[in-house]
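To keep things clear, I will list the structure first and then write my remarks on it.
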Amino acid sequence: MEIKTIARKWGSSLAVIIPKEVAEKKQLKENSEITITVSKVRPKAGILFGKFPNWNGKSTQQIKDEMREGWD
């Protein structure tokens with residue numbers, strides 16, 4: 001079973017949270033021994049840049065020029 005989660009700061013360490021549904025399905029309890037395979041996931045460019053508006057195909061320079069209009 002593969003799940004994706006985010007490592008969070010916990011004191012001077014990092015911790016991950018196993019979703020309740022997964023813990024129940026795998027019958028995990030406190031102090032259960034588990035094996036975790038760690039791999040860093042790099043977001044794809046489309047996902048990363050998809051968080052920003054499209055700006056209707058304008059170039060970066062055009063967007064900057066429009067934002068600066070009226071600044072003196």
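Only residues in segment 50-72 that are at pLDDT 75 or above count as the first member; pair them with residues that are of a type outside the set (Gly, Ala, Ser) and not in a helix (DSSP H, G or I), Cβ under 9 angstrom, at least 6 apart or cross-chain, and list the lot.
GLU66/LYS58
Which pairs have Cβ atoms under 9 Å, sit 6 or more apart or on different chains, and link a residue in segment 25-36 that is under 15 Å from ALA15 (Cα atoms) and modelled with pLDDT of 90 or more to one that is basic (Lys, Arg) and surrounded by 10 or more Cβ atoms within 10 Å (Cβ to Cβ)?
Short answer, once both residue conditions are applied: ILE34/LYS26.
Answer yes or no as to whether ILE18 is at pLDDT 85 or above and loosely packed, with under 10 Cβ neighbours inside 10 Å.
When the stated conditions are applied, ILE18 does not pass them.
Scanning segment 14-39 for residues that are within 24 Å of the chain's Cα centre (by Cα) and in a helix (DSSP H, G or I), which turns out nearest to MET1 (Cα to Cα)?
By that ranking, first place goes to VAL22.
The values are calculated or read from the model by the stated rules, or taken from the named source; none is laboratory data. Predicted model, so just to flag it, every value in this text is computed and none were measured. Cβ: placed from backbone, ideal geometry, glycine included. Neighbour counts: every protein chain shown.
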